[in-house]
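Taken together, the values in this text are just the output of simple stated rules run on the coordinates, not laboratory data. On a predicted model such as this, the values are computed, not experimentally measured, just so you know. Cβ atoms come from the backbone with ideal geometry, glycine included; neighbour counts cover every protein chain shown.
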Amino acid sequence: MLRNWNAYLFLAPGLLLFSVFTLFAMGFALYLTFHEWSIIQPEQPFVGLDNYRELMSDERFRRSVYNTVYFTGASVPLTMLVGLAVALLLNQPLRGRGLLRVMYFLPVVTPFVVVAIIWKWLYNGDFGLFNYYLLKTNLIDEPLLWLADKNLAMPSIILMSVWAGVGFSMVVYLAALQAVPEELYDAAKVDGGGAWVRLRHVTIPMLRPATLFLMVMGIIGSFQIFTQIFIMTQGGPVDRTTTMMFYIYEAAFKFYRMGYASTLAYALFAMLFIFTLIQLRLYRRAYE
Amino acid sequence: MTSPLDLSSARDETRTGAIRARYRRWRRRRALPTALAYILLVPGAILFVAPFAWLVSASFQHVGDIFSWPPQWVPEDPTLDNYKTFFGVPTESGNADVSANVFRWFANSVFVATSITVLQLFFNSMAAYVFAKRQFPGRDAIFLLFLATLMVPPQITLIPNYIVLKHIPLFGGNDIFGQGGHGWLDSYYGLILPGAVSAFGVFLLRQYMLTIPDELLDAARVDGAGEFRVFWQVVLPLTGPALAATAIFTFMYAWEDFLWPLIIISSPDHYTMPLGLAMFVVKNRTAWDMLMAGSVVATIPVIVIFMIFQRRFIKGISMTGIKG
């Protein structure tokens, strides 16, 4: 026992911070969901399940869930598909593939705020490069408003997020491709399998763990999408890009409704939790 | 006279000849897919890099040229004014009101990201060490608690932590009960301490430390080393690769973190680089020239780190999957 006391000393700083900023915070967030809590009001009354009831009938909340699912459903598969295509091409013995790999990977290491700033400029209705080149090649007759157009805003955000994320899935797929044993391809060739058959029946099944990993990380990441929205659209036009995280931010730090915002955060948590459970199941099946 | 040796070498020759012929056939067949790969990959790569190229180019342009139509890819009248203004060097057309703060943002980011990285390495590895190598009552229960929170998204703790920081006693004008002031909000403490330990980092390091043989530790103890020396001089050096990987990710994550600074920081003196740049855009400031230079400066440290640690970085990504 005496020999063990100093183990607690080693643990103390980490455990203290963890207890305050993670454990206590989680419990406190749950407590907040049952209260009307504003940091500018002296009273924080207990309101029972009112926040949850409001959540059920909140039109903007529903909108934010829809937007988040729309964003995730489009950006995650697209990022993975483009990443896979680039990885397959780069997996050949090409001259300069190191350089190409770095080029595709550059957006991943760029701070997200910078990415959002560049793209906000590219999308600019008056000076943006997109409009310039689309007009010049006569693909469009008049400038598009991109981020200010209520039907184009979300696709624009998605396009930019795919650009920013392709490098990541490319790297994961490249690592997985290099682990596929050469014999499998040889066996498929002996059996007369063409390129497509080899891709369909050897490569893609062998990449399954990587695919699932990217799916899990992608869904968790895009459910929390915030930075792009804050910088590029502020949730507009007419809430077309208000995602769950942006709505939580607004509720808590614009309207100072900490209680309701915590309820929203728990709703986000619940959705992610269900997704993760489903994905864990898939994982287990992939490895069996 | 033909000896078996000669025979075999002749056989070898025909064999290598056959291999060569096969290789040539393979190369011919290969030529088409290779060309196709380049046709697809090169324009794609250019599209991926073009936005950066334009950003760098714009950062050397006068503000009027940035808005020019058609856009200038190569600055017609290149200038260093944007960078000079950024680093507080006086210029003729300088934006004095912004330059006062902008360099400070950069320094804040360096300070905050470095502090978080150093503290995390220290606290994470100490906790990981006792989880991996020590026996004490409650160890497994505490470790399980760490593990259980891995699934919790950071958004849950955002709001409560904001309230907690506001009520830290005796700081920022608070009394002993944490009332009256703003506590650790709008301070470096608030930026750094909530990120100074990470359950994920503890977990990764613990897994790595489990592979270190106990005999090494016991040998050091027999030689009279105290617990801290065992940790510092035996375990830590052997954990090098894992420490390096987590250090790179932690630094990059802290460098580009945006949401947390956005929430707790209110005075421009405490802005980090991403927050400062974002506020610039959101508040519709007109100094786009400065913004371009600032974006380049904010990007350079991470690009440099990536270039230096490229291999480790890419290995680490497929290992840990941080940064989605």
Proximal aspartates and glutamates relative to A:Lys120, as straight alpha-carbon distance under 15 Å, when same-chain residues fewer than 8 apart are discounted: A:Asp149, B:Asp289
Region B:97-320 - charge dipole about Cα centre, Lys and Arg +1 at Cβ, Asp and Glu -1, debye rounded to 20: 300
Tail fraction, Cα-Cα pairs, region A:26-68, threshold 16 Å, whole percent: 51
Rounded to whole Hz, the Karplus (6.51, -1.76, 1.60) HN-Hα couplings of region B:273-282, x for glycine and proline: 4, x, 5, x, 4, 5, 5, 3, 6, 5
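Ranked highest first by average number of other Cβ atoms within 10 Å, how do B:107-113, B:252-258 line up?
On the way: B:107-113: 19.0, B:252-258: 21.9.
The peptides rank, most packed first, as B:252-258, B:107-113.
Of the listed peptides A:6-17, B:215-226, what is their order by residue-averaged count of other C-beta atoms within 10 Å, with the highest listed first? Walk me through the numbers on the way to the answer.
Values: A:6-17: 18.4, B:215-226: 12.4.
Sorting A:6-17, B:215-226 by mean packing, highest first, produces A:6-17, B:215-226.
Roughly how crowded by other chains is peptide A:160-166, in terms of the mean Cβ count from those chains within 10 Å of each of its Cβ atoms? Can you show the working numbers first?
Numbers: counts 1, 0, 0, 3, 1, 2, 2.
Partner Cβ neighbours, averaged per residue: 1.
Restricting things to alpha carbons, find the Rg to Rh ratio for the protein assembly as shown using the Kirkwood radius for Rh.
Details: Rg = 27.6 Å, Rh = 27.2 Å.
Ratio of gyration radius to Kirkwood radius: 1.01.
Please report the net charge: other residues with Cβ closer than 13 Å to the Cβ of B:Phe87, K and R +1, D and E -1. Working shown, then result.
On the way: positive: B:Lys84, B:Arg104; negative: B:Asp81.
My count for the surroundings of B:Phe87 gives +1.
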Compactness of region A:64-148, expressed as Rg and Dmax over alpha-carbon positions, Å: 16.6, 46
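When the dipole is taken about the Cα centre of the protein assembly as shown, and only Lys, Arg (+1) and Asp, Glu (-1) are charged at their Cβ, what size is it in debye, to the nearest 20?
Details: 46 positive and 38 negative charges, 492 e Å.
Approximately 2360 debye in magnitude.
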Distance (nanometres) between label positions extended 7 Å along Cα→Cβ at B:Arg221 and A:Asn4: 1.3
Calculated Rg and Dmax of chain A using C-alpha coordinates, Å: 23.8, 81
Percent RCO, i.e. relative contact order, over region B:97-320, from Cα pairs under 8 Å lying at least 6 residues apart: 29
Net charge dipole size for region B:135-262 [Lys, Arg +1 and Asp, Glu -1 on Cβ; Debye, nearest 20]: 140
Fewest-first sequence of B:Ile168, B:Ile212 by Cβ atoms within 10 Å of each Cβ: B:Ile212, B:Ile168
Angle between chain A longest axis and helix A:59-90 axis [Cα atoms, degrees, rounded to 10]: 30
Long-range amide H partners of A:His35 with built H, under 5 Å: A:Val47
Calculated [θ] (222 nm, deg cm²/dmol) that DSSP helices of n ≥ 4 give over the protein assembly as shown, each run adding -39,500 (n - 2.57): -22000 deg cm²/dmol
Over region A:27-137, relative contact order from alpha-carbon pairs under 8 Å, at least 6 apart, %: 9
Positive-end extreme of charge dipole, the protein assembly as shown - chosen from B:Thr246, B:Leu262, B:Phe280 (charges on Cβ): B:Thr246
Folded to 0 to 90 degrees: helix A:208-223 orientation relative to chain A principal axis, Cα: 40
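Just rank A:Ile157, B:Ile263, fewest to most, by other beta-carbon atoms within 10 angstrom.
Details: A:Ile157 27, B:Ile263 19.
Ascending Cβ contact count within 10 Å gives the list B:Ile263, A:Ile157.
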Among the listed pairs A:Lys136/A:Lys254; A:Lys254/B:Lys84; A:Lys150/A:Lys254; B:Lys84/B:Lys166; B:Lys166/B:Lys283, those beyond 32 Å (Cα-Cα): A:Lys136/A:Lys254; A:Lys254/B:Lys84; B:Lys84/B:Lys166
Computed over region B:147-290, Cα set: Rg, Dmax in Å: 20.6, 68
Scattering curve values for region B:193-234, log₁₀ I(q)/I(0), Debye with Cα scatterers, q = 0.14, 0.16, 0.18, 0.19 Å⁻¹: -0.44, -0.54, -0.63, -0.68
Cα→Cβ-extended label distance, 7 Å offset, between A:Asp186 and B:Tyr38, nm: 3.0
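Apply the a/c threshold of 1.5 to the C-alpha gyration tensor of region A:161-266 and tell me whether it is rounded, prolate or oblate. Show your work: numbers first, answer last.
Working: a/c = 4.34, a/b = 3.34, b/c = 1.30.
Here region A:161-266 falls in the prolate category.
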Estimated Rh, region B:157-200: Kirkwood, alpha-carbon pairs, angstrom: 10.5
Kirkwood hydrodynamic radius of region A:128-205, Cα pairs, Å: 16.3
Added length on full extension, which subtracts the Cα-Cα distance from 0.36 nm per residue, A:Arg53 to A:Ala179: 40.3 nm
Unit charges at the beta carbon, dipole of the protein assembly as shown: most positive-side option, A:Phe253, A:Pro181, A:Gly98: A:Pro181
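What's the whole-number percent of alpha carbon pairs in region A:1-95 lying beyond 16 angstrom? Before the final figure, lay out the partial values.
On the way: 3500 of 4465 pairs.
Beyond 16 Å sits 78 percent of the P(r) for region A:1-95.
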Acute angle (nearest 10 degrees) that the helix A:112-122 long axis makes with the longest principal axis of chain A, alpha-carbon atoms: 70
